[in-house]
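Here is the structure we will look at, set down as structure tokens.
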Amino acid sequence: MHLDMPRGSLSGRATLVDLVRYRAKIQPEDPAFVFLVNGEDEQVSLTYRQLDTQARAIAAWLESHGVAGQRALLLYPAGLEFISAFFGCLYAGVIAVPVYPPRRNRSMNRIQAVADDCDVKVALSTDLVLKRIEPLVDETPHLKQLTWLPTCQVLERMADQWRPPKIDAETVAFLQYTSGSTGTPKGVMLSHGNLMHNSALITHAFEHTRSGSGVYWLPCYHDMGLIGGILQPLYLGRPNVMMAPMSFLQRPIRWLRAITRFGATTSGGPNFAYELCVQKVQDDQIKDLDLSRWRVAFNGAEPVRAETLDRFAEKFAPCGFRREAFYPCYGLAEASLIVTGGYAARPPIVRHFSASSLLEGDAVKTSSHSPDSRPLVGCGETLVDQQVVIVDPESRTTCGESQVGEIWVRGPSVARGYWNKPDINDTVFKARLADTGEGPFLRTGDLGFLDRGELFVTGRIKDLIILHGVNIYPQDVEQTVQGAHPRLRPDTGAVFTVEEGGREKLFVVQEVERRRQGNLEDVFEAIRRAVSLEHELNVEGIILIRAGSIPKTSSGKIQRFACRDGYLDGSLQVVGSWILGEGEEPLISVTRPDRSLARNDDTATSDEETATAVRLGEARDDDAASPARREMAPDAVTPSKNGRDRSTTSTDQVTQIVLQEVRAVAKQRAAGLTLDSPITEIGLDSLERVEILAALEERFGGRFPEAILPDLETARQVVDAVQMYLGGEPRPKRYHPTDAEIAEETYCFEKFPEYVQLRQSLDMGEALGLTNPFFTVHQGVTSDRTTIDGRELINFSSYNYVGMSGDPVVIKAAQDAAAKYGTSVSASRLVSGEKDLHGELEREISRFLGTEATLCFVGGHATNETVIGHLLGPGDLILHDTLAHNSILQGAILSGARRRSFAHNDYEAAEELLKQYRHEYRRTLIVIEGVYSMDGDYPDLPRFVDVKKRHTALLMIDEAHSIGTLGATGRGIGEFFGTAPEDVDIWMSTLSKTFGSCGGYISGRKELIEYLKYTAPGFLYSVGISPPNTGAALAALKLLQAEPERVARLQHNSRLFLSLAKQRGLNTGMSNNTPVIPIILGNSIHCLRLSKSLFERGINVQPILYPAVEESAARLRFFITSEHTEAQIRLTVDAVTEELGRIRPEHVAETLGS
């Protein structure tokens, strides 16, 4: 039957180049992609304008080398560099060919085959990858002739030299090389039109809107990662968060945490990803997840299992995951990506069919309780502009409803064919129905049927086995084989037929766990018995191969044809085989263990793979007595081959822990483990290997650089890597890397991930002419007004609360001090001596606050760091508010004391901590702030004083934002609450806000000040506060006391702004009675847009974005001053309301309705 959807134009702009250029024009500063470098909190980002600039620069380089219209290899690890390089190719009219970089000790045969197939001229990559594969390239003739370019070396100023290519929707954008043997790679030619159309299909099917976002861990060289994770968000114009596949595989919780953190509405992957989360995510980790906003959890690229959906939905229901979010879908690279899908809000469709009827080609429904029942998950209906037909593969006629046949597809997303494969293209891409002549269709090679419009996929036509006229699905037999004996591992076998003697014979290739002892005859007998009982089939050949060696595709699928070919040409890594023969006692071909432990599997000689035929009874003894088994007992530690001494306690401990973690995962497979055994040889797959590395990171602390992970092939290499990169005792002088290279990111500052992130942002901003919102140049005094680029604006981004900075009296005092004492004291006050201004300022502060003494420091941040870090130490306890300033946290870390936080402004929570822990520590310090600069609220000081007295703790208050703003005369939170100065042990504030100067101070008892003056490192070893700053602060303090109306004006202005904002329905958070007033939008993109719109209207206010605050708390932060006029305030609130209404129309509706 046919299932047609109405045709309609879904494609927008003609090419992907047009699309990116369009995004860079209309939303240049919006983030397009965020990459989680470590899979967690360390991130780098790329805006649309940055992407456009980098793509033009790379394209200009390619154009200068005359490769337009040619092909270019892209060998990139996970990250943003791939995206820029990919679009750089498209911008140059070059066909991109993404391939995954090989591991260090793996051959380049796969890449060589791809390069030969499409005749590439240039290869793009990163410095690190090129350095790693350079020896391999030198050994590969064709690849050595290519022009190799590390795109990070392309200068962005080259972007101006770019010339748009002559391309259109029919132009091939990239080649998607499908999995297959290295001898016959097939590159799917996907045009710009294909990709634009499929992106539109995904938008339509997933019901995507620009208000959502995605999280992807899928590899970018794979169609689901490239089209779904990169092109789809670009098509829609919304951000996408990405992480490396390795980050997910190491700790699946990272995926779910990213979905939680970014509020992702779309994410997904193959079925195994969901299964991995079910298996690896611990119950105590679930409580911190919030999956309630996850609307589309797509599942494709491999069979979708109903039991996996059930287990995942049940496990993660407590954190808001809804079963309705599951979105099973069907697609393939030859059709770009998606072909069929359901409705985003509909639960997945699971129907039960008779397994025996399916074998006969009919989908007969049955009860779920029937012993013959086979549950199948529907993959949705045909999407717009597509046509799906179920066809008899032999007669090429259409099948009826619920008849199993080959899935044929037609539509604008279908590729034009494979690169340079005209004969195959005629068969695969130009098929026509024999009964109607309709076509052309893409023959997918997949088997399936339609049931009430829903597509169910049952297998692959090429894998279908026909014995004695009976259809056999190999996956069913494989499942039986893998459950037949404990030594047979799940999902690591293949069933196929071999023609011998004029008939088809059933063969099994299966990975087997290697053990010191074990009779392979038991394994053979178990397989024969199970298949006979379950399927009434006679197995005539069983090939047991080394664990981890079965041929797989890049996405992890078993390659049955490659297994068959491997058996026929003898290339499989055979452990033992049984072939039905005439003799009563079969022979087992047992491969002797390698004598050369350092041998690389890819360079094995034929002698090393020679198998010796022995009798069954002899196999056990040979396996147990092999030299490899005798070389080292499981717990032994031996000198390494390069002569490094491994006898030290530290190295021994690391070695034992590494071996312990390997055994914990490998279990019986690790019985013969040595330090130099290839990990893959003992049967560890990729997921198990990353599980071991994740456990070591957890145990030692730190993180392995991602670049070295593929090259850790032996336990000894893992030990070396632990000592080099994790928390083990470092021994750099004794480390002479041979197998694992020391990553440049550990010793080259320009390669530090933190610096790369910073430099990328700064370079892009400079290249694009962006105004840096964090270091805007102000051309004059900043108070209620400021001048930027010669333009005067109303200013709400200054701490000049009472207008002291720029006041003529304060300026003259600074000038007079500089004329009398110079511009600097030129040393610490201990060395250079005191200036009388220093003492006068400190005494004046003490009088102002009512304290005994004061000490001034050169900076506010340094004041908290040095005082907290000096007064407290190991054995002490520091309690601080969860919203404490960074300087407080840094001081606490510096001290070495135990640090605990309590809920914001919650004195009861602080007291509970004191009840629980106070008796365990010598000295306890509670640190709070007078006004919290992010939210504009303040603590209940009297309550904290009571708590500190009851538990004999010290109380410190950071008054950076409360001096001059709280209290009738601006004396801060103490005056505001009427608290006696002596009830607080340490009063801290800065001189840069209310006092129009620079520096910080500590005020309190004279004993405290005397101790700090002679011992605090940040005072003793730092230059003293300069005379101009001292003079300015002293004049400002006197002026504040002489003109208390400044404080009154400030407080009036603050109340006015807050009340007007609330009247307009603006979210001002916790702000109350302070000049710090946030307007919380909960969306960083909206904050950027609002800030920009206000700037254009003559109002300067800074956005506060994630990660400075949680995304849900993203805001604009307004600092009110005494100098602001009522007219300025009213104009600003009006402007905020109007501009927010344009960004968020619903805000206007909410305001009118309230």
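The values are calculated or read from the model by the stated rules, or taken from the named source; none is laboratory data. What you see is a predicted model, and the numbers here were worked out from it, not measured in a lab. Glycine gets a Cβ as well: all are built from the backbone with ideal geometry, and neighbour counts include every protein chain shown.
Suppose we keep only residues that are among the β-branched types (Val, Ile, Thr) and touching an Asp or Glu at 6+ places or on another chain (Cβ under 8 Å) within the stretch 1088-1128. Which one would you say is nearest to ASN1073 (Cα to Cα)? Walk me through it before giving the result.
So the first thing to find is which residues in the stretch 1088-1128 are among the β-branched types (Val, Ile, Thr), and the list is 1099, 1101, 1104, 1109, 1120-1121, 1125.
Now restrict to residues that are touching an Asp or Glu at 6+ places or on another chain (Cβ under 8 Å): 1121, 1125.
Values: THR1121: 13, THR1125: 18 Å.
My answer is THR1121.
Are there any strands (runs of 3 or more DSSP E) wholly within the stretch 35-118 with 1 or more residues that are in contact with a strand residue (DSSP E or B) (Cβ under 6 Å, 6 or more places away or on another chain) and either free of Cβ contacts under 8 Å to residues at least 24 places away in the same chain or of a type in the set (Ser, Thr, Tyr) (or both), and if so which? Give the steps one after another, and end with the answer.
Working: elements: 43-47, 71-75, 95-99.
Fully inside the stretch 35-118 and qualifying: 43-47.
To keep it simple, each residue is scored yes or no on (1) modelled with pLDDT under 95; (2) surrounded by fewer than 22 Cβ atoms within 10 Å (Cβ to Cβ).
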| residue | (1), (2) |
| --- | --- |
| VAL867 | no, no |
| GLY873 | yes, yes |
| ALA892 | yes, no |
| VAL931 | no, no |
| PRO942 | no, yes |
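Yes or no: ILE963 under 18 Å from VAL1047 (Cβ atoms), touching a strand residue (DSSP E or B) at 6+ places or on another chain (Cβ under 9 Å) and free of Cβ contacts under 8 Å to residues at least 40 places away in the same chain?
On the way: under 18 Å from VAL1047 (Cβ atoms): yes; touching a strand residue (DSSP E or B) at 6+ places or on another chain (Cβ under 9 Å): yes; free of Cβ contacts under 8 Å to residues at least 40 places away in the same chain: yes.
Considered against the rule, which asks whether it is under 18 Å from VAL1047 (Cβ atoms), touching a strand residue (DSSP E or B) at 6+ places or on another chain (Cβ under 9 Å) and free of Cβ contacts under 8 Å to residues at least 40 places away in the same chain, ILE963 comes out as yes.
When you scan the stretch 268-290, how many residues do you find that are within 21 Å of ILE202 (Cβ to Cβ) and not in a strand (DSSP E or B)? Can you show your working first?
The initial filter retains those residues of the stretch 268-290 that are within 21 Å of ILE202 (Cβ to Cβ), namely 268-271, 273-274.
Going one step further and asking which of them are not in a strand (DSSP E or B), we end up with 270-271, 273-274.
The total comes to 4.
Within the group ALA297, ALA306, ALA345, which residue is surrounded by 22 or more Cβ atoms within 10 Å (Cβ to Cβ) and over 30 Å from GLY187 (Cβ atoms)?
ALA297
Residue by residue through the stretch 1057-1076, note down the ones that are of a type in the set (D, E, K, R) and out of contact with any helix residue (DSSP H, G or I) (no Cβ under 9 Å at 6 or more places or on another chain).
Within the stretch 1057-1076, the subset of a type in the set (D, E, K, R) is 1062, 1064.
LYS1062, the sole residue that qualifies.
Give the residue, chosen from ARG943, ARG899, that is out of contact with any Lys or Arg (no Cβ under 7 Å at 6 or more places or on another chain), closer than 20 Å to LEU871 by Cβ and of a type in the set (D, E, K, R).
Exactly one of ARG943, ARG899 is out of contact with any Lys or Arg (no Cβ under 7 Å at 6 or more places or on another chain), closer than 20 Å to LEU871 by Cβ and of a type in the set (D, E, K, R), namely ARG899.
For the stretch 56-92, name all the residues that are closer than 28 Å to PRO239 by Cβ and small (Gly, Ala, Ser). Before the answer, list the steps.
Step one: filter the stretch 56-92 for residues closer than 28 Å to PRO239 by Cβ, giving 56-62, 72, 74-92.
ALA57, ALA59, ALA60, ALA72, ALA78, GLY79, SER84, ALA85, GLY88, ALA92, listed by residue number.
Among the residues of the stretch 203-212, is any free of Cβ contacts under 8 Å to residues at least 60 places away in the same chain, out of contact with any Leu (no Cβ under 7 Å at 6 or more places or on another chain) and hydrophobic (A, V, I, L, M, F, W, C)?
no
With PHE774, PHE749 as the choices, which residue is surrounded by fewer than 18 Cβ atoms within 10 Å (Cβ to Cβ) and modelled with pLDDT of 75 or more?
Details: PHE774 fails: modelled with pLDDT of 75 or more.
Sole residue among the options that is surrounded by fewer than 18 Cβ atoms within 10 Å (Cβ to Cβ) and modelled with pLDDT of 75 or more: PHE749.
Okay, residues lined up against (1) under 15 Å from GLY439 (Cβ atoms); (2) at pLDDT 95 or above:
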site	(1), (2)
THR366	no, no
HIS369	no, no
GLN386	yes, no
GLY400	no, no
TRP408	yes, yes
ALA415	no, yes
ASP423	no, no
VAL428	yes, no
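Looking only at residues that are small (Gly, Ala, Ser) and touching a strand residue (DSSP E or B) at 6+ places or on another chain (Cβ under 8 Å) in the stretch 281-329, which one is modelled with the lowest pLDDT?
As a first pass, look at the stretch 281-329 and keep what is small (Gly, Ala, Ser): 292, 297, 300-301, 306, 313, 317, 320, 325.
Narrowing further to those that are touching a strand residue (DSSP E or B) at 6+ places or on another chain (Cβ under 8 Å): 297, 300-301, 306, 313, 325.
Numbers: ALA297: 96, GLY300: 89, ALA301: 82, ALA306: 92, ALA313: 96, ALA325: 95.
Taking the candidates together, the pick is ALA301.
Can you name the condition, by its number, that LEU544 falls short on among (1) in a strand (DSSP E or B); (2) aliphatic (A, V, I, L, M); (3) touching a Pro at 6+ places or on another chain (Cβ under 9 Å)?
Of everything listed in (1) in a strand (DSSP E or B); (2) aliphatic (A, V, I, L, M); (3) touching a Pro at 6+ places or on another chain (Cβ under 9 Å), LEU544 misses just condition (3).
Just checking, how many residues over the stretch 1104-1139 are hydrophobic (A, V, I, L, M, F, W, C), modelled with pLDDT under 95 and over 19 Å from MET1070 (Cα atoms)?
Start the filter on the stretch 1104-1139 by keeping residues that are hydrophobic (A, V, I, L, M, F, W, C), which leaves 1104-1105, 1108-1109, 1113-1114, 1116, 1118-1120, 1127, 1129, 1131, 1133, 1135-1136.
Cutting the leftovers down to modelled with pLDDT under 95 gives us 1104-1105, 1108-1109, 1113-1114.
Next, only the ones that are over 19 Å from MET1070 (Cα atoms) stay: none.
Count: 0.
Take the conditions farther than 26 Å from ILE167 by Cβ and among the β-branched types (Val, Ile, Thr) and apply them to VAL137. Does it pass?
So VAL137 passes the test.
Identify the residue in the stretch 451-471 that is of a type in the set (Val, Ile, Thr) and modelled with pLDDT of 75 or more and, among all such residues, is surrounded by the fewest Cβ atoms within 10 Å (Cβ to Cβ). Steps first, please.
Taking the stretch 451-471 first, the residues of a type in the set (Val, Ile, Thr) are 457-458, 461, 465-466, 470.
Filter again for modelled with pLDDT of 75 or more, leaving 457-458, 461.
Working: VAL457: 21, THR458: 23, ILE461: 18.
Restricting to residues being of a type in the set (Val, Ile, Thr) and modelled with pLDDT of 75 or more, the top hit is ILE461.
Farther than 26 Å from MET804 by Cβ and among the basic types (Lys, Arg): is that true of ARG1130 in this structure? Please lay out each step first, then the result.
Details: farther than 26 Å from MET804 by Cβ: no; among the basic types (Lys, Arg): yes.
Here the answer is no, as ARG1130 does not meet what is asked.
Is there any pair linking a residue in the stretch 782-811 that is in contact (Cβ under 8 Å) with a residue 60 or more places away in the chain and part of a loop (DSSP other than H, G, I, E, B) to one that is surrounded by fewer than 20 Cβ atoms within 10 Å (Cβ to Cβ) and of a type outside the set (Lys, Arg), with Cβ under 6 Å and at least six apart or on different chains, and which?
Within 6 Å, the pairs are SER783/GLY806; SER797/GLN1102; GLY806/VAL781.
If ASP789 satisfies every condition in (1) buried (at least 18 other Cβ atoms within 10 Å of the Cβ); (2) at pLDDT below 95 but one, which is the exception?
Going through the list (1) buried (at least 18 other Cβ atoms within 10 Å of the Cβ); (2) at pLDDT below 95, ASP789 breaks only (1).
Among the residues of the stretch 910-929, which ones are of a type in the set (S, T, N, Q) and either crowded, with 22+ Cβ neighbours inside 10 Å or at pLDDT 95 or above (or both)?
Within the stretch 910-929, the first condition is being of a type in the set (S, T, N, Q), and the residues that meet it are 916, 924.
Result: THR924, single match.
Do we find a residue being of a type in the set (S, T, N, Q) and free of Cβ contacts under 8 Å to residues at least 12 places away in the same chain anywhere in the stretch 140-150? Talk me through it step by step, then tell me what you get.
At the first step, the residues of the stretch 140-150 found to be of a type in the set (S, T, N, Q) are 140, 145, 147.
Within this subset, residues satisfying the condition of being free of Cβ contacts under 8 Å to residues at least 12 places away in the same chain are 145.
Yes, that holds for at least one residue.
Return the only residue of ILE926, ILE893 being of a type in the set (A, V, I, L, M), under 23 Å from PRO981 (Cα atoms) and in the same structural domain as ASP958 (by TED's automatic domain parsing). Full working, then the answer.
Numbers: ILE893 fails: under 23 Å from PRO981 (Cα atoms).
None of the other options fit; the residue is ILE926.
Every residue, every condition in (1) within 44 Å of the chain's Cα centre (by Cα); (2) within 24 Å of TYR938 (Cβ to Cβ); (3) of a type in the set (Asp, Glu), yes or no:
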| residue | (1), (2), (3) |
| --- | --- |
| ASP816 | no, no, yes |
| THR823 | no, no, no |
| LYS835 | no, no, no |
| HIS838 | no, no, no |
| PHE857 | yes, yes, no |
| GLY873 | yes, no, no |
| GLN890 | yes, yes, no |
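State yes or no: is ILE794 outside the structural domain of HIS919 (by TED's automatic domain parsing), at pLDDT 95 or above and either under 48 Å from the mean Cα position of the chain (by Cα) or buried (at least 19 other Cβ atoms within 10 Å of the Cβ) (or both)? Outline the logic, then answer.
On the way: outside the structural domain of HIS919 (by TED's automatic domain parsing): yes; at pLDDT 95 or above: yes; either under 48 Å from the mean Cα position of the chain (by Cα) or buried (at least 19 other Cβ atoms within 10 Å of the Cβ) (or both): yes.
Criteria met by ILE794.
Go through ALA980, ALA910, ALA968 for me and flag whichever is within 21 Å of LEU879 (Cα to Cα) and hydrophobic (A, V, I, L, M, F, W, C).
Numbers: ALA980 fails: within 21 Å of LEU879 (Cα to Cα); ALA968 fails: within 21 Å of LEU879 (Cα to Cα).
On inspection, the qualifying residue turns out to be ALA910.
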